[in-house]
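Below is one structure, written out as structure tokens; comments come after it.
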């Protein structure tokens, strides 16, 4: 049994195979907790009988929402998630796919608890979090590389949850493989700004209407944005975030000059 603290939530991982337990304990070591307090979510993880070490690069998965329960099917993963009960069970074909499975489950659990898993790079500057969202290839990793003065929360996925009237951003263990500096992965800070990245030949920011800001945020919320039943609540939450912190488009070129634009 391995307990992780993610955005203040305690996620308990119960692994059926010793080799899986060893993998989980090592991979998520920075987030482990040893005090055995009650868990917010408990996840049962198991390898199937044909398990292999050959990971599928991007597993094909399909989440279906039935009332309050989620059913997962795919070529490498299968299982269920019951957010109301704080429980989930996932079986997968390759041990390295545990990371992909956990990302999906954290997205579901965070949504159920009033938070969000956001597809964005997160950086702390002066104790405040700046988030840079966009699809793969939009420049999230580039922004990280151009920001040696900042503490990196994550280069791909950050957790958001409300606290004391503000939205807080939290680092996660769900890095891209090539990420080297993970020094801020367990850090957190109030969200100062959220930026939709657009690569350009100049640095500038473009304000977004409340509706456009909510839509951009919702588009960057994996798993839950694919469930039609969740969209009204998801958009409402994204509107709350956009009201609390500015959401803008950031046109940027490949130099650190964009910081002068967003922090002036």
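If the condition is being exposed (fewer than 15 other Cβ atoms within 10 Å of the Cβ), within 22 Å of residue 23 (Cα to Cα) and modelled with pLDDT of 80 or more, then segment 43-79 contributes only 48. Being within 16 Å of the chain's Cα centre (by Cα) and more than 26 Å from residue 264 (Cα to Cα) is the requirement here; does residue 109 meet it? In short, yes. Residues that are modelled with pLDDT under 95 and closer than 18 Å to residue 195 by Cα within segment 157-171 comprise just one, 166. Summed over segment 113-134, residues that are touching a residue at least 24 places away in the same chain (Cβ under 8 Å), surrounded by fewer than 18 Cβ atoms within 10 Å (Cβ to Cβ) and out of contact with any helix residue (DSSP H, G or I) (no Cβ under 8 Å at 6 or more places or on another chain) total 3. Does residue 73 meet the test of being outside the structural domain of residue 248 (by TED's automatic domain parsing), within 15 Å of residue 223 (Cα to Cα) and not in a helix (DSSP H, G or I)? So residue 73 passes the test. The set of residues from segment 11-30 being crowded, with 18+ Cβ neighbours inside 10 Å and under 19 Å from the mean Cα position of the chain (by Cα) comprises 11, 12, 13, 24, 28.
Select from segment 11-50 the residues that are in contact (Cβ under 8 Å) with a residue 60 or more places away in the chain and assigned to a helix (DSSP H, G or I) and write down the one among them that is farthest from residue 77 (Cα to Cα). Among those that are in contact (Cβ under 8 Å) with a residue 60 or more places away in the chain and assigned to a helix (DSSP H, G or I), it is 30.
The values are calculated or read from the model by the stated rules, or taken from the named source; none is laboratory data. What you are looking at is a predicted structure, and each value in this text was computed from that prediction instead of being measured. Note that we place each Cβ from the backbone using ideal geometry, even for glycine, and neighbour counts take in every protein chain shown.
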